[in-house]
Amino acid sequence: MVQGTCSNAGKSILAAAFCRIFLQDGLRVAPFKAQNMALNSCVTSDGLEMGRAQAVQAAACRLDPDVRMNPVLLKPCSDVGSQVIVMGRPVGVMRVRQYVDYKPRARDAAFAAYDSLAAEHDVMVIEGAGSPAEINLKAHDIVNMAMARHAGARVLLVGDIDRGGVFAALVGTMELLEDWERNHVAGYLLNKFRGDASLLDPALDFMKQRTGRPVLGVVPYLRDLGLPEEDSVSFKEGLPGLRGLRDGAAGEGGVVPDTLPAIVLDIVLVDLPHISNFTDVDALRGEPDVRLRVARTPADLPAPGGRMP
């Protein structure tokens, strides 16, 4: 099981990587995430809805998407409420406290889906959500350590070293876990690392001495994977790839190449408070005569008469 110290630590990509590695080892492998909160979704061949990340992980396993891989999907529709989708079908729009009351039914559906899928495969690669140390949510958790306990899974705890503070995040997470939860943690993965990995050695030794768990791997920062995002975190942070070279994301040495073709089509994505399936436009990024950009203020929109700002 892959869990993280925070959202956007890279859990989904790492889970997909493990799926492909186990497949290449000749094992029957399937992905699983008990509960996903995302507005990017996938529709299966039988018309059911599940999280996009688990569809990507299914592709890594060379499997068709199956709603059992993501039995509970929450699609936010306000700051305090979400559409709740269970086993691919909507069961209603719920505010937070309503969903907490509904959680036992969601948990039963998730555990049953896991048991069914696991019975058909040699290895399950399970993904957590957010952080297992959200102490206000742990009492009704169904996706992190409660899922690890149900599955009997060993947990790899992932930290994003690129954003800084990764060792404090890992140690702090372990400090906030209960003993039975810590017993599931096999070790740590440092994700999105840039630089000379040998400089990490003193910190890695400290982590083993302080927590009793080793850092099992350091994953380099990987660019341009071309995989769809699970949620809107990167989109809200700017997602430079959507803007392209003409919007200031220059190439090597900060120079915009002179060989870019003329812009034929200017596409503006309006950044709404809740945006669904924004990854549908990813295919447009590869078009050389298209400028794709995000509008967050009225000033970002085309000027009257269609002239670009």
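The values are calculated or read from the model by the stated rules, or taken from the named source; none is laboratory data. Worth saying up front: this structure is predicted, and the values here are computed from it rather than measured. Cβ placement follows ideal geometry from the backbone for every residue including glycine, while neighbour counts extend to all protein chains displayed. We work out accessible area using only protein heavy atoms, side chains counted, and drop any ligands, DNA or RNA first. Shrake-Rupley method; radii C 1.70, N 1.55, O 1.52, S 1.80 Å.
Other residues whose C-beta falls under 10 angstrom from the C-beta of H184 contribute a net charge of +2, scoring Lys and Arg +1 and Asp and Glu -1.
Give the whole-number value, in cubic angstrom per residue, of the convex hull volume spanned by the C-alpha atoms of the stretch 25-157.
Looking at the stretch 25-157, the number lands at 108 Å³ per residue.
Working from Cα pairs under 8 Å separated by at least six residues, relative contact order for the stretch 10-158 is 27 percent.
Surface composition of the stretch 19-62: carbon plus sulfur atoms contribute 53% of the solvent-accessible area (1.4 Å probe, protein chains only, all chains present). Just to confirm, what accessible area per residue do you get for the stretch 51-103 at 1.4 Å probe, in whole Å²? That works out to 47 Å² per residue.
Normalising the average separation of contacting C-alpha pairs (under 8 angstrom, six or more residues apart) by the number of residues puts the relative contact order of the stretch 102-180 at 30 percent.
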